[in-house]
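What follows is a set of notes on a single structure, which appears directly below.
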Amino acid sequence: MIFAAGLNSSLAKAANGQSHAASEQVQIVPAVHYGPAPKRGKAPGSGGRPPLAAGHYRTVAAALQAQPGTLRWVAEAMPMVSVAGMTDPVPTEAFRGDAAWTGYDIISGRWYRAPGEVVVNTGFLTQTGKSVGDTVTLTFGGNQITARIVGEVFDPQGRGQPAMLTSWQTLGAAAGLTVQQYDVSLRPGTDPNAYADALNHALFPNFFASATGNDPFYLTLTALIGTLTLLIALAAGLGVLNTVVLGTRDRVHDLGIFKSVGMTPRQTIAMVICWIAGAGLIAGVIAVPAAMILHSSVLRTMARAGGTAIPASYVNVFTPAELVLLALAGLVIGVAGALLPASWAARARTATALRAE
């Protein structure tokens, strides 16, 4: 149960880290691509969105400023950038403005802070042989650009495909960049769907705004894990029930003696529950470190299979208070499984119990 709870929390973080749904509640794209946004990092010629005339984007900025629920936004271009040592161009996201809030989780290093700095995903580092702190030579718009890798982000792109993120200034504003998407963060309490509807009325027919959401893959997986957790708890409770029933029947004569000298039904229930409570508590204490080791191992194996590393926050999902509560889960399961046979023992007639062998 502890392992399943940890895995569920980690996958929820991974879902938000990949979709950015918690930080970018609304995205705005050209209406010629009405419907779900393509995968991040795509660009014209690779399944991305073609840019519109620059004048249209001034309309978007005005509409965003007019909406009371707008907290902040950033514009981004999605060009393909050539990288020295790589055969194919790399899908790149170039942000026009501060994009540190957009929700990319850092694996190592930091987010870029100045022109000439880039952050990349694990696939980029694997294919180039580079590390955080190294420099790379980029070619875009006929210009060669020397950039320093300052961070590695969680951004899995199809089993280890490379991706790069940087500022608009790094690639050069005069190099032919045009905005292809707006990412919008909303003020607390703002309904993303209502906000997107209001933007669609203001931006029709050139742009389409939509609320973001997590990948259905993660939603399905977390639902399955939640179901598995409940089934595990049920199986554990039934195992305790079976054990306590057998133990109670073996001690039925002793129970009869206790009842004959004045043990009350409540005392009987408490005694039967105490038979299993100690074992349940010990099991919970042992399970905490075992589950944490299993959780870390499985999560890192899943990440390697997807061609990415993972941030430390995805592994360290338990607080000390949560670990204490989860350790007590063994005690809770033990008590729940023992209640039925304890009630049976409390209701048993003293004479019947004394005649039992």
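Screening THR220 on (1) open to solvent by less than 30 Å² (accessible area, probe 1.4 Å); (2) within 27 Å of LEU7 (Cα to Cα); (3) of a type in the set (Ser, Thr, Tyr) shows it passes everything except condition (1).
Summed over region 247-256, the residues that are within 14 Å of SER343 (Cα to Cα) and open to solvent by 80 Å² or more (accessible area, probe 1.4 Å) give a count of 1. The requirement of being at pLDDT below 90, of a type outside the set (Phe, Trp, Tyr) and within 29 Å of SER10 (Cα to Cα) is satisfied by GLY213.
The combined condition, being open to solvent by less than 60 Å² (accessible area, probe 1.4 Å), within 24 Å of the chain's Cα centre (by Cα), within 30 Å of LEU340 (Cβ to Cβ) and touching a residue at least 40 places away in the same chain (Cβ under 8 Å), is fulfilled by GLY226. Just one residue in the set ASN242, ASN214 is part of a loop (DSSP other than H, G, I, E, B) and among the polar types (S, T, N, Q); that residue is ASN214. If you go through region 51-64 one residue at a time, do you hit one that is outside any loop (DSSP other than H, G, I, E, B), at pLDDT 90 or above and surrounded by fewer than 19 Cβ atoms within 10 Å (Cβ to Cβ)? Within region 51-64, one or more residues are outside any loop (DSSP other than H, G, I, E, B), at pLDDT 90 or above and surrounded by fewer than 19 Cβ atoms within 10 Å (Cβ to Cβ). Is it the case that region 144-158 has a residue that's over 30 Å from ARG72 (Cα atoms) and free of Cβ contacts under 8 Å to residues at least 12 places away in the same chain? Scanning region 144-158 turns up at least one residue that is over 30 Å from ARG72 (Cα atoms) and free of Cβ contacts under 8 Å to residues at least 12 places away in the same chain. Contact annotation: residue pairs with Cβ atoms under 8 Å, 6 or more positions apart or on different chains, pairing a residue in region 117-143 that is touching a residue at least 40 places away in the same chain (Cβ under 8 Å) and closer than 17 Å to ILE310 by Cα with a partner that is polar (S, T, N, Q) and in a strand (DSSP E or B), are VAL119/THR166.
Determine which member of the set GLY123, GLY103 is open to solvent by less than 50 Å² (accessible area, probe 1.4 Å), touching a helix residue (DSSP H, G or I) at 6+ places or on another chain (Cβ under 8 Å) and not in a strand (DSSP E or B). Break it down stepwise before answering.
Details: GLY123 fails: touching a helix residue (DSSP H, G or I) at 6+ places or on another chain (Cβ under 8 Å).
Matching residue, one of GLY123, GLY103: GLY103.
For every residue, the table says whether it meets (1) over 21 Å from SER23 (Cβ atoms); (2) open to solvent by 10 Å² or more (accessible area, probe 1.4 Å); (3) outside any strand (DSSP E or B).
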position: VAL132; (1), (2), (3): yes, yes, yes
position: VAL136; (1), (2), (3): yes, no, no
position: GLN144; (1), (2), (3): yes, yes, no
position: ARG159; (1), (2), (3): yes, yes, yes
position: VAL184; (1), (2), (3): no, no, no
position: GLY189; (1), (2), (3): no, yes, yes
position: LEU199; (1), (2), (3): no, no, yes
position: PHE208; (1), (2), (3): no, yes, no
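Just to be sure before I move on: is VAL317 touching a Gly at 6+ places or on another chain (Cβ under 6 Å), aliphatic (A, V, I, L, M) and over 30 Å from ALA345 (Cα atoms) in the structure I sent? In short, yes. Annotation note: of ALA84, ALA43, ALA77, ALA31, the sole residue that is at pLDDT 70 or above, open to solvent by less than 10 Å² (accessible area, probe 1.4 Å), small (Gly, Ala, Ser) and touching a strand residue (DSSP E or B) at 6+ places or on another chain (Cβ under 7 Å) is ALA77. Among the residues of region 257-266, is there at least one that is surrounded by 14 or more Cβ atoms within 10 Å (Cβ to Cβ), over 22 Å from ILE106 (Cβ atoms) and free of Cβ contacts under 8 Å to residues at least 12 places away in the same chain? Among the residues of region 257-266, at least one is surrounded by 14 or more Cβ atoms within 10 Å (Cβ to Cβ), over 22 Å from ILE106 (Cβ atoms) and free of Cβ contacts under 8 Å to residues at least 12 places away in the same chain, which makes the answer yes.
Yes/no matrix, rows are residues, columns are (1) part of a helix (DSSP H, G or I); (2) at pLDDT 90 or above; (3) not basic (Lys, Arg):
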position	(1), (2), (3)
TRP275	yes, no, yes
GLY278	yes, no, yes
ILE282	yes, no, yes
VAL285	yes, no, yes
PRO289	yes, yes, yes
ALA309	no, yes, yes
VAL317	no, yes, yes
LEU326	yes, no, yes
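For (1) more than 24 Å from ASP250 (Cα to Cα); (2) buried (at least 19 other Cβ atoms within 10 Å of the Cβ); (3) in contact (Cβ under 8 Å) with a residue 60 or more places away in the chain, each residue gets a yes or a no:
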residue	(1), (2), (3)
HIS295	yes, yes, yes
VAL298	yes, no, yes
ALA303	yes, yes, no
SER313	yes, no, yes
PRO320	yes, no, no
GLY334	no, yes, yes
THR350	no, no, yes
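The values are calculated or read from the model by the stated rules, or taken from the named source; none is laboratory data. Just so we're clear, the structure is a prediction, and the values are computed from it rather than from any experiment. Cβ: placed from backbone, ideal geometry, glycine included. Neighbour counts: every protein chain shown. Surface areas here come from the heavy atoms of the whole protein model, side chains and all, with no ligands, DNA or RNA. Shrake-Rupley method; radii C 1.70, N 1.55, O 1.52, S 1.80 Å.
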